[in-house]
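Report on the structure given below.
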């Protein structure tokens, strides 16, 4: 099975409601789709969202990295030379992790098709179903409370609350949410790097003192501030999850060795795809650090790849793969089945993607 062509396209999928964080506000998913074609007729699918505020990867950068570097490095290669081809994707251009992730997952898709086995079984096969949280965007307290009540009514048992736009309002927002949903639903919060270390400790401990019962906080300080992350981890009543701080297996190992976070978030778009995500999971197994599997604001192709990883590895104990359920429609044929919080992985060979409706080829 030789790679003959890498085709690119774009999709636009409207969201149910605007997605608001401390870093950005978004109304639709605008992603780059990758199709890796072979001489057998098999096609591997990948996807990359432009998240310049987080990864630095814009739409133009993703397209340019794939067309000018990655595609030229893999066309003509045999999919069965799997390890070497995956390494080539990582080495042919620096950074550009979203572009690498899109091609990487397409190659895993092809490798699974080649040997007629689902990717989650190739990587470990721990389970077939996972349960995701759902994100509540930053808004006035009363609106966030209404959104939280609606999510609980839809069956969600864990809510991820976006905070950080106005730190002084964060406690009021969470108080309104907790009052509206009661104490049976789990709440985690995502500050998206919004606080400084001392501010984070003060706010987090204030939240716990008020009985808000926060399960963990995601990335409370700036991504580069590993010492600040460690400061919060050592002093906060709330467990700390490293997210934007983890862009590579090396970052993950550094954080684990420092004890800079209680948990580590694996995102394919930050680490460059499943190849490096598996390395992070393996390091976490060695250090005994539980992982979350997360996503950007993505449609189902790339989230589906993350589902396969989550279903493969027991060290992944927390799931934040709500991208497809935040969309108002699903143009992706095949793949995992999303039934609100319950996600069931496909047992089709590879990643199980059959096609994309409404794709605009470049």
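The values are calculated or read from the model by the stated rules, or taken from the named source; none is laboratory data. Quantities reported herein were computed from a predicted structural model and do not represent experimental measurements. No Cβ is skipped: glycine too gets one built from the backbone with ideal geometry, and neighbour counts run over all protein chains shown.
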Restricting to the range 2-28, count the residues that are farther than 19 Å from residue 192 by Cα and either more than 18 Å from the chain's Cα centre (by Cα) or in contact (Cβ under 8 Å) with a residue 40 or more places away in the chain (or both). 16
Taking the range 88-103 and keeping residues in contact (Cβ under 8 Å) with a residue 24 or more places away in the chain and surrounded by fewer than 21 Cβ atoms within 10 Å (Cβ to Cβ) leaves 90, 93, 95
Of the residues 290, 250, only one is under 23 Å from residue 86 (Cα atoms) and surrounded by fewer than 21 Cβ atoms within 10 Å (Cβ to Cβ); which? 250
Any hit, the range 109-116, residues being more than 16 Å from residue 2 (Cβ to Cβ) and either in contact (Cβ under 8 Å) with a residue 12 or more places away in the chain or buried (at least 23 other Cβ atoms within 10 Å of the Cβ) (or both): yes
Restricting attention to the range 239-251, does a residue exist that is over 30 Å from residue 34 (Cβ atoms), assigned to a loop (DSSP other than H, G, I, E, B) and more than 12 Å from the chain's Cα centre (by Cα)? yes
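If you scan the range 129-145, which residues turn out to be in a helix (DSSP H, G or I) and loosely packed, with under 15 Cβ neighbours inside 10 Å? Before you say what the answer is, go through the steps one by one.
Restricting attention to the range 129-145, the residues satisfying the condition of being in a helix (DSSP H, G or I) are 141-145.
Result: 142, single match.
For residue 235, are the conditions met, namely being at pLDDT 95 or above and over 19 Å from residue 283 (Cα atoms)? If you could, list the steps in order and put the result at the bottom.
Values: at pLDDT 95 or above: yes; over 19 Å from residue 283 (Cα atoms): yes.
In short, yes.
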Please name all residue pairs, on different chains or six or more residues apart, with Cβ atoms under 7 Å, provided the first residue is in the range 221-247 and is in contact (Cβ under 8 Å) with a residue 60 or more places away in the chain and on the phi > 0 side of the Ramachandran plot and the second residue is outside any loop (DSSP other than H, G, I, E, B) and crowded, with 20+ Cβ neighbours inside 10 Å. none
Which numbered condition residue 65 fails, given (1) over 28 Å from residue 314 (Cα atoms); (2) in contact with a strand residue (DSSP E or B) (Cβ under 7 Å, 6 or more places away or on another chain); (3) buried (at least 24 other Cβ atoms within 10 Å of the Cβ): (2)
Within the range 338-351, take every residue that is surrounded by fewer than 14 Cβ atoms within 10 Å (Cβ to Cβ) and in contact with a strand residue (DSSP E or B) (Cβ under 9 Å, 6 or more places away or on another chain) and give me the one that is farthest from residue 116 (Cα to Cα). 342
Is it fair to say residue 261 is in a loop (DSSP other than H, G, I, E, B) and touching a strand residue (DSSP E or B) at 6+ places or on another chain (Cβ under 7 Å)? yes
Could you check the range 267-313 and list, in sequence order, the residues that are more than 19 Å from residue 158 (Cα to Cα) and in a loop (DSSP other than H, G, I, E, B)? 272, 273, 288, 289, 298, 299, 313
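To keep it simple, each residue is scored yes or no on (1) assigned to a strand (DSSP E or B); (2) assigned by TED's automatic domain parsing to the domain that holds residue 267; (3) at pLDDT below 95; (4) out of contact with any helix residue (DSSP H, G or I) (no Cβ under 9 Å at 6 or more places or on another chain).
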site	(1), (2), (3), (4)
127	no, yes, no, no
160	yes, yes, no, yes
176	no, yes, no, no
208	no, yes, no, yes
